[in-house]
């Protein structure tokens, strides 16, 4: 989701919860965002929009995009291996 633009933490929680219950709480999301920030894979900034309380927005960095590309390659290899193993059990 961050590859498509900036989002604030609770917005990410809501969007992921719509997809799956795996990451459906702020207690899961914020530590993950903190680790990604420490690794310089995402950046963050505080912003106040339309008079609402300030929110911390997150965006993927250039390093994050490189890591994402690497993960996509690794995921494709892993998926192919799992598909192969599952095909052996038929």
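Taken together, the values in this text are just the output of simple stated rules run on the coordinates, not laboratory data. None of the values given here were measured: they were computed from a predicted structure. Note: ideal-geometry Cβ built from the backbone for every residue, glycine included; neighbour counts use all protein chains shown.
What number of residues in region 1-21 are surrounded by 12 or more Cβ atoms within 10 Å (Cβ to Cβ) and either touching a helix residue (DSSP H, G or I) at 6+ places or on another chain (Cβ under 9 Å) or on the phi > 0 side of the Ramachandran plot (or both)?
8
Look at region 26-46 and say how many of its residues are surrounded by fewer than 16 Cβ atoms within 10 Å (Cβ to Cβ), more than 14 Å from residue 62 (Cα to Cα) and in contact with a helix residue (DSSP H, G or I) (Cβ under 7 Å, 6 or more places away or on another chain).
Of the residues in region 26-46, 2 are surrounded by fewer than 16 Cβ atoms within 10 Å (Cβ to Cβ), more than 14 Å from residue 62 (Cα to Cα) and in contact with a helix residue (DSSP H, G or I) (Cβ under 7 Å, 6 or more places away or on another chain).
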